[in-house]
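Chemist: One structure coming up, written as structure tokens, with questions to follow.
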Amino acid sequence: DLQANSLTKQSRHALVQLLKAFPIEITGKRPVAEAIITSGGVKTGEVDPKTMASKKAEGLFFAGELLDCDAYTGGFNLQIAWATAFAAGNAAAEKIAATMIRLIISLATSFEASAYLFSPSIFVRTVM
């Protein structure tokens with residue numbers, strides 16, 4: 001067995017180059033029956049399908065191959081990735097926006113004064 005600290009600088013450099021280049025010889029294609037995306041992942045029953053939010057952990061969202069959802073390649077797995085990412089991203093953004101609004105209102109009320117908060121789509125007025 002060779003210890004990592006016994007490698008010469010030249011040997012380490014050669015190893016790094018091999019790992020970075022990682023040459024692979026392609027000899028052919030596999031049958032369509034074997035063309036599936038990564039199997040396994042978070043069970044779809046544990047995820048809200050409209051928001052892709054976890055039913056078990058608040059504020060956690062899933063998309064793409066993190067989900068236990070198999071499909072043939074050739075675009076189907078990409079569609080799953082894009083659609084779930086769109087849903088998860090929008091839901092996460094809405095959750096963040098709602099949290100920020102609650103935080104701003106909370107801060108404004110702590111000053112015991114009127115606070116006017118503006119946003120491109122939201123106008124909030126709180127009076128103490």
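Chemist: Take segment 43-101 and flag every residue that is aromatic (Phe, Trp, Tyr) and under 24 Å from VAL32 (Cβ atoms).
Modeler: Hits for segment 43-101 are TYR72, PHE76, TRP82.
Chemist: What number of residues within segment 13-60 are in contact (Cβ under 8 Å) with a residue 12 or more places away in the chain and outside any loop (DSSP other than H, G, I, E, B)?
Modeler: Residues that pass the stated criteria total 7.
Chemist: Within 27 Å of GLY89 (Cβ to Cβ) and among the basic types (Lys, Arg): which single residue out of LYS43, LYS20, LYS29 fits that description?
Modeler: Sole residue among the options that is within 27 Å of GLY89 (Cβ to Cβ) and among the basic types (Lys, Arg): LYS43.
Chemist: If you don't mind, another one. Which numbered condition trips up GLN10, out of (1) assigned to a loop (DSSP other than H, G, I, E, B); (2) at pLDDT 90 or above; (3) not hydrophobic (A, V, I, L, M, F, W, C)?
Modeler: Here GLN10 clears every test but (1).
Chemist: Being among the hydrophobic types (A, V, I, L, M, F, W, C), more than 14 Å from the chain's Cα centre (by Cα), open to solvent by 50 Å² or more (accessible area, probe 1.4 Å) and modelled with pLDDT of 90 or more narrows it down to one of ILE96, ILE122, so name that one.
Modeler: Answer to the selection: ILE96.
The values are calculated or read from the model by the stated rules, or taken from the named source; none is laboratory data. Predicted model, so just to flag it, every value in this text is computed and none were measured. Neighbour counts are summed over all protein chains in view; Cβ atoms, including those assigned to glycine, are modelled from backbone coordinates with ideal geometry. What goes into the accessible areas is simple: the full protein's heavy atoms, side chains included, and nothing from ligands, DNA or RNA. Shrake-Rupley method; radii C 1.70, N 1.55, O 1.52, S 1.80 Å.
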